[in-house]
Amino acid sequence: MNDARIQLTDEERTPCEVWTRVMGYHRPVSAFNTGKRAEHADRCYFNESPKGSVQRREQLAAA
């Protein structure tokens, strides 16, 4: 197999439209007003581990 990496210039790239769920329906972030865009940028994302996972046990032991 050829392991060559594909390189794109900025002119060749296509902008990605980000959508999010707001008040029960989906909207593109580009349609938000300034305040809502700032609120969207401040959102925190988390990844919850299953109850019996090793990471979870280590977190509980460290606490």
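Identify, by number, the condition in (1) modelled with pLDDT under 90; (2) touching a strand residue (DSSP E or B) at 6+ places or on another chain (Cβ under 7 Å) that Glu17 doesn't meet.
All conditions are met except number (1).
List every residue pair whose Cβ atoms sit under 6 Å apart, with the two residues 6 or more apart in sequence or on different chains, where the first one lies in region 17-30 and is farther than 16 Å from Ala41 by Cα and the second, anywhere, is open to solvent by 70 Å² or more (accessible area, probe 1.4 Å) and not aliphatic (A, V, I, L, M).
Listed by first residue and then by second, the contacts come to His26/Trp19.
The values are calculated or read from the model by the stated rules, or taken from the named source; none is laboratory data. Source: prediction; values computed, not measured. Quick reminder, even Gly has a Cβ in these numbers, built from the backbone with ideal geometry, and neighbours come from all protein chains shown. We work out accessible area using only protein heavy atoms, side chains counted, and drop any ligands, DNA or RNA first. Shrake-Rupley method; radii C 1.70, N 1.55, O 1.52, S 1.80 Å.
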